[in-house]
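Visitor: Sharing a structure below in structure tokens format, with a few things to ask.
Just so it is clear, none of the values below were taken in a lab; they were calculated from the coordinates. Source: prediction; values computed, not measured. Note: ideal-geometry Cβ built from the backbone for every residue, glycine included; neighbour counts use all protein chains shown.
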Amino acid sequence: MTGATATTATGPAVPVTPRRGGRAAGAAWGAVGVLGELLITAGVLLLAFLAWQLWWTDVVGNREQASVVAGLEREEPPTTAPADGTGDEEGAAPAPAPVVAPPRYDEPPVDEEPAHATTFATLQVPRWAGEPERPVSQGTDRETVLDVLGIGHYEGTAMPGGVGNFAVAAHRTTYAKPFHRIEELGVGDPLVVRTDDTWYVYRVTSWDVVTPADVDVIAPVPGDPSAEPTERTITLTTCHPMYSARERYVVHGVLDHWAPVADGTPAELLPGA
């Protein structure tokens, strides 16, 4: 028997050909459905990963870095009441005003290099209005420094205020992205480093884009590793372009002046600077 018959309203029964391949077509459509579900799931997981990488690591990183800065045991710069001694309209006591630290140009104090992952300084960049004070810690590996502590100091380079190159690195995206706004820096912009009891005010002199292999940028004399350093310089390095590690964005600066924290706060950090 090769087929069934059906009776029509206008004539004799005609053969009906069985549908072939229906089971195969159903299986194919089922496979397509499964593949679609897998693609949707993969898309959701990818979006979740991007949200974690680009947003949540910043939330956690900012919180943890703020906690590190708040936990530093260091001297606070002095403040004083306004000269006229007046309060507000309700007669409240006047708010304290910061004391401006006179700049010094003599030999600055220089600390010894600390143990790995030790936070020994902070960095503030007035050009980056709204950005918090960031901790600077020893080392540049991601696991123990850059991902969890913020800015890392290249081990073996100069310490703040020292002759040579105080070289640091930080993320430009993710993990609180301390150097996210590095391309905004221009010649003359101050970079203010603070240790427990000393301010070091550097000023930007140049910037460049190099390959990861160009390690001479963190040499004692940037670009000339065989030269003997005579200046007190600073170098900031981070990935370039944004969301890529193909190149490095590098900013160089030189020490302008220093001041003891006990003398006050650098004018560069005060309103109107």
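Visitor: Using a 7 Å offset from Cα along Cα-Cβ at Glu64, what residues in the stretch 125-161 end up with backbone N under 18 Å from the label point?
Guide: Those under the cut-off are 132-153.
Visitor: Give the shape of the stretch 200-241 as rounded, prolate or oblate, defined through the alpha-carbon gyration tensor: a ≥ b ≥ c are the square roots of its eigenvalues, a/c under 1.5 means rounded, and otherwise the shape is prolate if a/b is larger than b/c and oblate if not.
Guide: oblate
Visitor: Given R₀ = 51 Å, what would the calculated FRET efficiency be for Thr80 paired with Ile40, taking r from the Cβ atoms and rounding to 0.05?
Guide: Values: r = 63 Å, r/R0 = 1.24.
E between Thr80 and Ile40, to the nearest 0.05, is 0.20.
Visitor: Residues of the stretch 174-195 with backbone nitrogen within less than 16 Å of a virtual label 7 Å along the Cα-to-Cβ line of Arg104, please, listed as ranges.
Guide: Residues 193-195 fall inside that zone.
Visitor: How many angstrom lie between the Cα centre of the stretch 98-121 and the Cα centre of the stretch 180-208?
Guide: The stretch 98-121 and the stretch 180-208 have Cα centres separated by 14 Å.
Visitor: Given points 7 Å out from each Cα along the Cα-Cβ axis, report the Thr211 to Ala245 separation in nanometres with one decimal.
Guide: 1.7 nm
Visitor: Moving on. How much net charge surrounds His240 when only the other residues with a Cβ under 11 Å from the Cβ of His240 are counted, with Lys and Arg +1 and Asp and Glu -1?
Guide: Details: positive: Arg172, Arg246, Arg248; negative: Glu183, Asp208, Glu247.
Net charge in that neighbourhood comes out at 0.
Visitor: Here is a follow-up. Once you have a ≥ b ≥ c as the square roots of the Cα gyration tensor eigenvalues for the stretch 118-269, tell me rounded if a/c is under 1.5, and otherwise prolate or oblate according to whether a/b is larger than b/c.
Guide: Values: a/c = 1.42, a/b = 1.16, b/c = 1.23.
Rounded.
Visitor: Length gain on complete extension for the stretch Val32 to Glu143, per 0.36 nm per residue less the alpha carbon to alpha carbon distance? All intermediate terms of the calculation are to be shown ahead of the outcome.
Guide: Values: separation 111, 0.36 × 111 = 39.96 nm, distance 4.16 nm.
Using 0.36 nm per residue and subtracting the Cα-Cα distance, I get 35.8 nm.
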